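Taking it in order: structure first as structure tokens, then the write-up.
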Amino acid sequence: MGTTVEQALEQLKSTGVRMTPQRHAILSFLMNSMTHPTADEIYKALSPVFPSMSVATIYNNLRLFVDARLVRELTYGDDSSRFDADLSEHYHAICKSCGKIVDFDYPPLTDVEEAASRETGFRVEGHRMEIYGHCGDCAKLPS
């Protein structure tokens with residue numbers, strides 16, 4: 001994972017971002033989550049503790065965290081964005097039935113990036129790979 005919640009909070013404070021209890025809770029939730037939650041899932045998880053917090057507060061803080069490069073926004077077509085605080089090089093397996101996203105490690109595909117650069121003339125800055133299928137739970141369900 002790399003960055004701890006405390007390190008992320010210090011990074012935000014050093015750029016003049018005021019630390020609120022809600023902001024701390026959202027960041028902690030993300031950094032301790034392995035589920036790649038949507039903004040709505042974060043809202044539902046935190047609203048019992050912060051009943052006056054709005055979904056807009058969640059979205060505003062997520063944008064702040066993405067801009068500060070503490071969180072990665074994952075977009076998949078028309079579905080809601082999901083958020084990942086694990087900024088290490090890793091890939092995702094995505095269930096086509098329930099939408100579950102699971103991280104997996106694989107050596108970085110630097111050869112593919114280099115080939116793309118050579119063949120296209122692009123200055124490649126990164127890539128994203130997703131594997132689609134059915135998670136273990138959904139694969140057990142009758143079709």
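The values are calculated or read from the model by the stated rules, or taken from the named source; none is laboratory data. In this text, all values refer to a predicted model and were calculated from it rather than measured experimentally. Neighbour counts are summed over all protein chains in view; Cβ atoms, including those assigned to glycine, are modelled from backbone coordinates with ideal geometry.
Does the stretch 70-87 include one or more residues that are more than 30 Å from SER14 (Cβ to Cβ), in contact with a helix residue (DSSP H, G or I) (Cβ under 8 Å, 6 or more places away or on another chain) and modelled with pLDDT of 90 or more?
Filtering the stretch 70-87 for residues more than 30 Å from SER14 (Cβ to Cβ) gives 76-80.
Cutting the leftovers down to in contact with a helix residue (DSSP H, G or I) (Cβ under 8 Å, 6 or more places away or on another chain) gives us 80.
Filter again for modelled with pLDDT of 90 or more, leaving none.
No, the stretch 70-87 has no match at all.
Taking the criterion of being at negative phi, out of contact with any strand residue (DSSP E or B) (no Cβ under 7 Å at 6 or more places or on another chain) and in a loop (DSSP other than H, G, I, E, B), the residues of the stretch 122-143 that qualify are PHE122, ARG123, VAL124, GLU125, HIS127, ARG128, LEU141, PRO142, SER143.
Show me the strands (runs of 3 or more DSSP E) found entirely inside the stretch 26-98 where at least 2 residues are touching a His at 6+ places or on another chain (Cβ under 6 Å) and surrounded by 13 or more Cβ atoms within 10 Å (Cβ to Cβ).
On the way: elements: 72-74, 82-84, 91-95.
Of the strands (runs of 3 or more DSSP E) lying wholly inside the stretch 26-98, those with at least 2 residues that are touching a His at 6+ places or on another chain (Cβ under 6 Å) and surrounded by 13 or more Cβ atoms within 10 Å (Cβ to Cβ) span 82-84.
Residues of the stretch 107-121 being in a helix (DSSP H, G or I) and either in contact with a Phe, Trp or Tyr (Cβ under 8 Å, 6 or more places away or on another chain) or aliphatic (A, V, I, L, M) (or both), which ones? Result: VAL112, ALA115, ALA116.
Scanning the stretch 114-143 for residues that are hydroxyl-bearing (Ser, Thr, Tyr), over 23 Å from ALA93 (Cα atoms) and loosely packed, with under 10 Cβ neighbours inside 10 Å yields one hit, THR120.
Screening SER143 against (1) touching a Ser or Thr at 6+ places or on another chain (Cβ under 8 Å); (2) of a type outside the set (A, V, I, L, M, F, W, C); (3) modelled with pLDDT under 90 leaves a single unmet condition, (1).
Please find, among PHE104, PHE50, the residue that is out of contact with any Leu (no Cβ under 8 Å at 6 or more places or on another chain) and modelled with pLDDT of 95 or more. Give the derivation first.
Values: PHE104 fails: modelled with pLDDT of 95 or more.
So the residue among PHE104, PHE50 that is out of contact with any Leu (no Cβ under 8 Å at 6 or more places or on another chain) and modelled with pLDDT of 95 or more is PHE50.
For the stretch 1-49, filtering for residues that are of a type in the set (A, V, I, L, M, F, W, C) and in contact with a Phe, Trp or Tyr (Cβ under 9 Å, 6 or more places away or on another chain) leaves 10.
Taking the numbered list (1) within 12 Å of the chain's Cα centre (by Cα); (2) closer than 30 Å to CYS138 by Cβ in turn, ILE58 passes all entries but (1).
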